[in-house]
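First, the structure itself, so that you have it in front of you.
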Amino acid sequence: MEPQKQQDITRAWKQHQVFEPKEIAEKDKYYVTQPYPYPTGPLHVGHGRTYTTTDVLTRFARIQGKNVLWPMAFHVTGTPVLAIADQVKRKDADAMQMYRGYIGIYEKNPEKVEQILHSFEDPKKIVAFFGSVIEKDFDAMGYSIDWRKQFTTMDPYYQQFVQWQFHKFKEKGALVKGKYPILYSAVDGNAVGEDDIKDGDTDKVAITEFQLIKFPLANDPHTFIVVATLRPDTLFGITNIWVNPSLEYVKAEVNGEKWIIAKNAIEKLKLQQKTIGDIAAVPAHELAHKDALHPLDAHMHIPILPTTFVNAEKGTGIVCSVPGHAPFDFMALEEAKKLGDATAQRIHPKYIIAHPNGFEMRKFLDTFKVQSMNDRTQLQQATEAIYKIEFYECRTNGENGPLSNMSVRGAKDKSVELLKAVNRWDRIYEPSRKALTRAGNPVVVAILSDQWFLDYTSKEWKEKAHRCLNRMRIFPEKYAKTLHDSIDWLEQRPCIRKRGLGTPFPFLGGWMIEPLSDSTLYMLFYLCIETLRENGMKPEDLDEAFFDAAILGKALPQGDARSAAAQEIHGKLQYWYPNDIRHTAPAHIQNHSSFWILAHTLLLPEEWWPRAASFNEMMIRNGQKMSKSKGNIIPLIDAVQKFGPDLMRLYTIASSSLERTADWKDEQVPQVENKLNELEKVLRQGLDFIRKGGADFMIQLDAATNTAVSMKNTSATPQQFWLKEKIMQRLGESYEAYAQMDYKMAAQKAFFEPLNDIKQFKKVFAEDESFAVSLVLKRWLIMITPIAPFLAEQLWKEAGFPGFASAQHLEQPEGKPAKEVQERVDAVEKILGDVERVRKLAKGNPKTLYIYSIDAQETEWIEAAKAQIEKYALLQVKINDAHDPLGKKAKAQKGKAALYLE
RNA sequence: GCACGGGUAGCGAAGCGGUCAAACGCGCCAGACUCAAGAUCUGGUGACUUAGUGUCUUCGGCGGUUCGAAUCCGCCCUCGUGCACCA
């Protein structure tokens with residue numbers, strides 16, 4: 001279809017407000033939402049898959065006769081927009097080139113491109129530009145969005161709304177203040193996310209928590225030598241402490257205590273909210289061969305020994321030694337003994353964990369081929385292996401003091417508890433691997449004070465969310481479990497940050513509400529914005545009391561000028577809420593979708609809880625993930641211009657079911673096009689038939705319900721009605737598939753299978769299908785609108801049907817293809833199929849096909865189809881001829897005619 | 001590492017206890033139509049067998065449940081996705 005016609009159709013939809021539902025109607029309402037796009041670049045076909053799916057479900061709901069609302073807005077809060085603005089300000093060549101390319105998709109004049117690019121120094125210009133082009137992309141795709149409710153998340157009204165939401169969170173006790181470790185760059189003075197870390201996307205950096213154990217020195221019990229460990233469960237397996245003579249150690253005042261630690265650890269402790277006082281150097285050789293006291297048993301003296309493997313960059317640069325269960329410690333001890341260290345020679349590994357099949361460290365290390373301290377890789381492997389075995393499968397034996405005879409997991413928790421009780425415990429966080437920022441600065445862990453969290457740990461809250469989920473419909477169903485799991489998994493989640501665009505956090509100046517947290521309840525806001533605009537409300541009017549009234553229906557004081565607006569909004573909400581379905585990608589389950597459910601269940605009454613959620617997997621291209629770095633993303637608009645919206649939509653929908661990753665295969669798209677063209681041809685034949693002479697039908701068609709029309713055209717044959725019913729049956733199946741959100745199936749039933757039925761019909765009866773198609777044309781067009789709206793709308797218009805195809809209501813079509821005709825079709829098909837099989841077995845080049853049938857009815861059908869059989873089999877046909885050299889007639893059964901070729 | 005989700009014919013992809021040698025699409029092979037090519041149409045496309053509708057072996061691997069499994073259970077291999085302050 002020509003682009004001009006498509007644009008005309010889009011314009012007509014807008015002009016006639018086809019997708020702008022009556023605010024309050026008698027019909028059943030259906031309120032659809034989908035996460036709004038983040039406009040920092042053109043959308044690609046992967047995004048298109050998700051929006052197209054929403055559009056299909058939205059359009060089908062209209063067919064079902066619902067009053068449907070699908071609004072759209074733009075998410076502009078967060079850091080990425082700022083990052084782009086910075087890049088443009090810095091004139092970063094790569095970034096400039098990329099954005100030049102993006103702008104060039106929409107703007108062909110190079111001067112204007114540069115102009116726009118430079119305007120990107122202002123982040124608001126970025127979102128304004130991409131927001132407007134995305135809206136155009138959506139229109140080009142034919143999405144049935146109600147644009148009247150459009151806004152951005154920087155809109156002052158919206159920010160008032162988000163602040164109201166946070167006041168409500170606080171009232172409910174969901175907003176708490178606390179401390180939290182985060183990845184941080186001390187040089188840059190800010191938190192770093194995955195995007196800020198070198199290789200952060202491919203090689204994830206996590207935060208590891210080390211336990212600190214404070215050992216009093218024997219000769220100075222008020223000074224602690226502080227070790228860092230991941231295995232406090234082996235507390236009574238400790239035989240000694242290791243220090244590394246090549247490192248710098250200090251005695252420092254930490255939170256008022258005297259700690260001996262590596263000098264390197266000071267900065268980390270500072271960043272992790274420790275108060276550091278006086279610092280004095282302590283040479284390692286002064287520490288070596290002194291004794292420390294066991295933190296839980298002062299009678300146990302733990303000698304401090306020198307070794308080389310201890311790393312200053314991890315923990316405190318001091319570790320405790322458990323040679324019975326730690327491969328490094330075992331080998332270090334062996335080495336010390338070899339070097340003649342007298343203290344070391346008195347030390348023997350202490351085994352405190354019971355292995356079901358016994359355990360001896362030397363033998364264990366042999367299996368990893370560890371021979372010396374230098375076999376670092378093998379030692380590392382052995383360490384990981386033993387940890388896995390002991391943590392998951394083992395219990396402590398009786399030698400582990402108060403940690404005896406319990407699971408290793410339990411011993412770990414218990415040790416921390418006991419150490420805490422006697423003030424011998426603390427902790428330090430480390431990145432899970434050595435990491436640098438993209439600028440090359442080290443990534444460390446810091447604890448920020450003043451951090452606010454949304455606290456999802458409340459049991460009652462989770463309970464409510466599960467209850468909500470249990471009542472929701474989830475498509476595909478398998479994601480219900482993922483959602484439940486996600487709700488259980490969520491704990492405390494930081495909800496404010498210092499960088500980026502966002503809504504000011506109402507309880508602490510200088511902080512923004514984090515951009516995932518500002519988008520959990522906004523489905524309410526779509527229903528507020530028009531009233532706010534129409535009444536010219538000032539943002540400052542929208543205080544807590546106002547939203548309490550507008551959303552929760554509380555009363556404003558007598559005579560408050562805002563009452564009318566609040567009531568109007570509340571009325572709209574009472575009609576439109578809850579959100580009937582929200583469609584998104586499974587990647588959002590663990591954050592956005594869960595927050596959405598949680599926010600609703602905490603703040604709104606049960607009748608306003610979400611009703612359904614649906615998901616579709618992502619789209620890859622030619623087997624590869626689309627990414628900016630690979631340069632293989634296809635901008636949505638490029639694909640639309642190349643293939644046209646209907647083809648893109650059909651390909652997207654028909655290539656895979658929602659829960660499967662879809663593969664955009666460049667060479668397969670044109671193949672689907674053939675089918676779409678074939679369908680158009682068939683539909684046009686039906687259309688022409690109506691135009692040319694079907695006037696009598698037309699009158700009756702329009703008046704007709706779902707039953708066959710009473711015919712004036714007497715030339716119609718039973719098989720033409722059979723075909724009509726057959727197609728109706730397919731459309732009915734398609735309808736059912738749409739209702740189940742099985743869109744791949746819906747496409748197959750409405751787009752592909754009827755074409756096969758028509759082929760079969762033509763083959764068996766050699767008749768024209770136009771009559772049958774004309775009878776089902778209206779319903780067929782309606783059934784393809786969700787997937788190919790432009791084609792449907794165009795033909796609808798050409799047929800002169802009233803209104804818009806996109807606005808039609810249709811009950812589920814039913815078709816009952818006549819049984820005798822069906823049998824007839826099957827009988828002929830069977831013969832044609834068998835002929836080919838027999839032909840291969842026949843000798844020579846047969847010219848004649850002998851058919852033997854023992855059933856009178858069947859014989860009659862075969863007689864009727866004789867010409868067709870001859871045409872397709874390219875043989876002369878003789879029926880029930882006396883000539884039967886192989887005695888085939890005897891083998892014929894009813895429904896199974898016997899064949900002979902000669 | 002942890003969690004979840006996949007692995008079906010040459011490829012893509014349905015099916016999710018019997019009607020399954022497995023829909024549909026592509027590719028490939030043969031035929032029709034063409035001077036020819038393309039497009040279109042028809043048939044075939046696990047193996048074996050036979051002038052035909054029969055037999056056998058298949059749905060990542062190995063076991064198990066069942067009268068019966070691609071479909072349910074266990075283990076293993078393998079691929080993908082997510083893993084927190086980030087949109």
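With n ≥ 4 as the cut-off for DSSP H runs, can you work out [θ] at 222 nm for chain A, using -39500 (n - 2.57) per run divided by the number of residues, rounded to the nearest 500?
Rounded to the nearest 500, the figure is -13500 deg cm²/dmol.
Ranked from highest to lowest mean number of other Cβ atoms within 10 Å per residue, what is the order of the peptides A:577-583, A:62-68?
A:577-583, A:62-68
Further question: When ligands, DNA and RNA are left out and all protein chains stay put, how many square angstrom of accessible area per residue does region A:372-460 have with a 1.4 Å probe?
The answer is 52 Å² per residue.
What is the helix-to-structure angle for A:408-421, meaning the angle in degrees between its Cα long axis and the longest Cα principal axis of chain A, kept from 0 to 90 and rounded to the nearest 10?
Helix A:408-421 sits roughly 50 degrees off the main axis of chain A.
Another question about this same structure. How much of the DSSP beta bridge set in chain A is antiparallel, as a percent to the nearest 5? Show your work: numbers first, answer last.
Numbers: 64 of 90 bridges.
In chain A, DSSP labels about 70 percent of beta bridges as antiparallel.
Any chance you could run the full-extension gain for A:K420 through A:D8? It's 0.36 nm times the residue separation minus the Cα-Cα distance, nm to one decimal.
This chain segment gains 141.0 nm when fully extended.
Pop out the carbon and sulfur fraction of the accessible area of chain A as a percent, whole number, probe 1.4 Å.
Summing carbon and sulfur atoms, their accessible area is 50 percent of the total for chain A.
Report the label-to-label distance for A:Q893 and A:E820 in nanometres (one decimal), using points 7 Å from each Cα along the Cα→Cβ vector.
So the label points at A:Q893 and A:E820 sit 2.5 nm apart.
Let me check I've understood the local charge: for A:E121, count other residues with C-beta under 11 angstrom from its C-beta, Lys and Arg +1, Asp and Glu -1. What total comes out?
Result for the local shell: +3.
How much length is gained if the chain between A:E26 and A:Q574 is pulled fully straight, taking 0.36 nm per residue apart and subtracting their Cα-Cα distance, in nm to one decimal?
Values: separation 548, 0.36 × 548 = 197.28 nm, distance 1.31 nm.
So the chain would gain 196.0 nm between A:E26 and A:Q574.
Suppose R0 equals 22 Å; then what is the FRET efficiency for A:K89 and A:E111 from their Cβ-Cβ distance, rounded to the nearest 0.05?
0.60
Would you mind getting me the FRET efficiency between A:Q371 and A:R346? Use the beta-carbon distance for r and R0 = 22 Å, nearest 0.05.
The formula returns an efficiency of 0.40 here.
Which far-off residues, 5 or more places away or on another chain, put their amide H under 5 Å from the one on A:I353, with H placed in the peptide plane?
Those lying under 5 Å, H to H, from A:I353 are A:N397.
Something else about it: Rg and Dmax in Å for chain A, alpha carbons only: what are they?
37.3, 121
Efficiency by 1/(1 + (r/R0)^6): what FRET value for A:R839 and A:E767, r their Cβ-Cβ distance, R0 = 25 Å, to the nearest 0.05?
0.40
Continuing with the same structure: Identify all lysines with a Cα-Cα distance to A:K388 below 18 Å; exclude those on the same chain that are fewer than 8 residues away in sequence.
A:K363, A:K412
Hey, another quick one. Of the listed peptides A:91-101, A:828-838, what is their order by residue-averaged count of other C-beta atoms within 10 Å, with the highest listed first? Please report the intermediate quantities before stating the final value.
On the way: A:91-101: 14.0, A:828-838: 15.6.
Result, highest mean Cβ count within 10 Å first: A:828-838, A:91-101.
Can you pick out the pairs among A:K177/A:K434; A:K177/A:K198; A:K478/A:K630; A:K91/A:K270; A:K478/A:K628; A:K630/A:K665 whose Cα atoms lie more than 27 Å from each other?
Where the Cα-Cα span goes over 27 Å, the pairs concerned are A:K177/A:K434; A:K177/A:K198; A:K478/A:K630; A:K91/A:K270; A:K478/A:K628.
Here is a follow-up. Kindly provide the Kirkwood hydrodynamic radius of region A:252-331 in Å, to one decimal, from all pairs of distinct alpha carbon atoms.
14.2 Å is the Kirkwood radius here.
Same structure again: What's the center-to-center distance, using Cα atoms, between region A:743-814 and region A:102-153 in Å?
About 36 Å separates the Cα centre of region A:743-814 from the one of region A:102-153.
Mind computing the radius of gyration and Dmax over the alpha-carbon atoms of region A:733-822? Å is fine for both.
13.9, 39
Right, another one. Is there a quick way to get the dipole size of region A:211-286? I mean about its Cα centre, with the Cβ of Lys and Arg at +1 and of Asp and Glu at -1; what is the value in debye to the nearest 20? Please report the intermediate quantities before stating the final value.
Details: 8 positive and 8 negative charges, 41 e Å.
With Lys and Arg at +1 and Asp and Glu at -1, about 200 debye.
Still on this structure, please answer the following. Using θ = phi - 60° and the Karplus relation 6.51 cos²θ - 1.76 cosθ + 1.60, list the HN-Hα couplings for region A:142-150 in order, rounded to whole Hz, with x at every Gly or Pro.
x, 5, 8, 8, 8, 7, 4, 9, 5
I need to check one value: relative contact order of chain A, counting alpha carbon pairs closer than 8 Å and at least 6 residues apart, in percent.
Here the relative contact order equals 14 percent.
Still on this structure, I have one more. According to a simple spin-label model (label point 7 Å from Cα along Cα-to-Cβ), what is the distance in nm between A:K170 and A:L247?
4.4
Something else: For region A:736-753, what does the Karplus curve 6.51 cos²θ - 1.76 cosθ + 1.60, with θ = phi - 60°, yield as ³J(HN,Hα) per residue in whole Hz, taken in order and with x for Gly and Pro?
4, 5, 4, 4, 8, 6, 9, 6, 4, 5, 4, 5, 4, 6, 9, 9, 9, 5
Charges only on Cβ, +1 for Lys and Arg, -1 for Asp and Glu: so what's the dipole of chain A about the Cα centre, in debye to the nearest 20?
The calculated dipole for chain A is roughly 1280 debye.
Measuring with a 1.4 Å probe in the full set of protein chains, what accessible area per residue, in whole Å², belongs to region A:157-270?
Per-residue accessible area for region A:157-270 comes out at 40 Å².
Turning to a different aspect of this structure: Between the alpha-carbon centers of region A:255-295 and region A:344-397, tell me the distance in whole angstrom.
29
The values are calculated or read from the model by the stated rules, or taken from the named source; none is laboratory data. Treat the numbers as computed from the prediction; the structure is a model and nothing was measured. Please note: Cβ atoms are built from the backbone with ideal geometry, for glycine as well, and neighbour counts cover all protein chains shown. Keep in mind that these areas ignore ligands, DNA and RNA; they rest on the heavy atoms of the full protein, side chains included. Shrake-Rupley method; radii C 1.70, N 1.55, O 1.52, S 1.80 Å.
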